[in-house]
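K.L.:
Below is one structure. I have some questions about it.
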Amino acid sequence: MNISRISRRTVVGLCAALVLSTAAWAQAASQVKFQTSMGDFTVEVYADKAPKTVENFLQYVKDKFYNGTIFHRVIGNFMVQGGGFTADMNQKPTRDPVPLEAKNGLKNDRGTIAMARTGNPNSATAQFFVNVVDNTGLNAPSPDGYGYTVFGKVIAGMDTIDKIRAVPTGRQDVPNTTILINSAILVK
């Protein structure tokens, strides 16, 4: 009989530990809500997978850097990119780049958010993109040998991203109609 009680206590204790562990994990994943001229979307970011990238991204959010920027590059069968240019296509000054964290196990699948960069793998600053399809060619190692750092995913408002991906574009994949990021705020 004592063994039964111990077993129940052990099971109850393990269940409580699991609930607390799950709650702690949920608290660790920050969420950012973007309000755009085409609707809202929310991303969840994973500091445990891309700590320097998430810290950098959240600092830009806290500094209200993204407010008033645009989605300046839209390729409907690839991705939508924003976070670096104002509506008059002036690039905003950024902080120093963050190191590449592409080998973190996260993939450039539909709905994930990743950092844009130049040919230099350690050049990501503020610009990000949302994958609108599975882009396996961007995973580490990609054809350039490095990949692109995925650091979160869209958890609400993928319909907004799909509206953005469908807009007509002109030269250099710039949308013909301005898609403004009114605000990006930390909601969790």
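The values are calculated or read from the model by the stated rules, or taken from the named source; none is laboratory data. In this text, all values refer to a predicted model and were calculated from it rather than measured experimentally. Cβ placement follows ideal geometry from the backbone for every residue including glycine, while neighbour counts extend to all protein chains displayed.
K.L.:
Give all pairs with beta carbons closer than 8 Å in which a residue from segment 163-188 that is on the phi > 0 side of the Ramachandran plot and at pLDDT 95 or above meets a residue that is surrounded by fewer than 16 Cβ atoms within 10 Å (Cβ to Cβ) and assigned to a strand (DSSP E or B); count only pairs at least 6 apart in sequence or on separate chains.
P.N.:
Asp173/Ile75
K.L.:
On to the next question. Applying the selection to segment 42-73, what residues are aliphatic (A, V, I, L, M) and assigned to a helix (DSSP H, G or I)? Don't jump to the end; show me each part of the working.
P.N.:
First, pick out the residues of segment 42-73 that are aliphatic (A, V, I, L, M): 43, 45, 47, 50, 54, 58, 61, 70.
Residues satisfying the conditions are Val54, Leu58, Val61.
K.L.:
A follow-up question, please. Please state which one of Ala102, Ala126, Ala116 is surrounded by fewer than 21 Cβ atoms within 10 Å (Cβ to Cβ), of a type in the set (A, V, I, L, M, F, W, C) and at negative phi.
P.N.:
Numbers: Ala102 fails: surrounded by fewer than 21 Cβ atoms within 10 Å (Cβ to Cβ); Ala126 fails: surrounded by fewer than 21 Cβ atoms within 10 Å (Cβ to Cβ).
Exactly one of Ala102, Ala126, Ala116 is surrounded by fewer than 21 Cβ atoms within 10 Å (Cβ to Cβ), of a type in the set (A, V, I, L, M, F, W, C) and at negative phi, namely Ala116.
K.L.:
Six or more apart or on different chains, Cβ under 8 Å: which pairs go from a residue in segment 60-73 that's touching a residue at least 24 places away in the same chain (Cβ under 8 Å) to one that's in a helix (DSSP H, G or I) and not acidic (Asp, Glu)? Could you list them?
P.N.:
Tyr66/Tyr60; Phe71/Ile164; Arg73/Gln172
K.L.:
Sticking with this structure for a sec: Taking segment 92-126, which residues are under 21 Å from Ala166 (Cβ atoms) and assigned to a loop (DSSP other than H, G, I, E, B)? Give the derivation first.
P.N.:
Our first condition is that a residue be under 21 Å from Ala166 (Cβ atoms); within segment 92-126, this holds for 108-114, 116.
Asn108, Asp109, Arg110, Gly111, Ala116 - these are the residues of segment 92-126 that are under 21 Å from Ala166 (Cβ atoms) and assigned to a loop (DSSP other than H, G, I, E, B).
K.L.:
If Met89 satisfies all but one of (1) at positive phi; (2) of a type outside the set (Phe, Trp, Tyr); (3) outside any loop (DSSP other than H, G, I, E, B), what's the number of the condition it fails?
P.N.:
It fails just one condition, (3).
K.L.:
Here's a follow-up. Look through segment 32-82, keep the residues that are under 17 Å from Val167 (Cβ atoms) and aliphatic (A, V, I, L, M), and return whichever of them is surrounded by the fewest Cβ atoms within 10 Å (Cβ to Cβ).
P.N.:
Narrowing segment 32-82 to residues under 17 Å from Val167 (Cβ atoms): 34, 36-41, 69-82.
Pick out the ones that are also aliphatic (A, V, I, L, M) and you get 38, 70, 74-75, 79-80.
Working: Met38: 20, Ile70: 23, Val74: 23, Ile75: 14, Met79: 26, Val80: 26.
Within segment 32-82, the match that is surrounded by the fewest Cβ atoms within 10 Å (Cβ to Cβ) is Ile75.
K.L.:
So, one more: Quick one: Tyr66 ticks every box in (1) at pLDDT below 95; (2) in contact with a helix residue (DSSP H, G or I) (Cβ under 7 Å, 6 or more places away or on another chain); (3) of a type in the set (Ser, Thr, Tyr) bar one, so which box is it?
P.N.:
(1)
K.L.:
Shifting gears a bit: Those residues that are among the hydrophobic types (A, V, I, L, M, F, W, C) and part of a helix (DSSP H, G or I), I need them from segment 145-182; list them, please. Before the answer, list the steps.
P.N.:
First, the residues of segment 145-182 that are among the hydrophobic types (A, V, I, L, M, F, W, C): 150-151, 154-156, 158, 161, 164, 166-167, 174, 179-181.
If the condition is that a residue be among the hydrophobic types (A, V, I, L, M, F, W, C) and part of a helix (DSSP H, G or I), then Met158, Ile161, Ile164 are the ones that fit.
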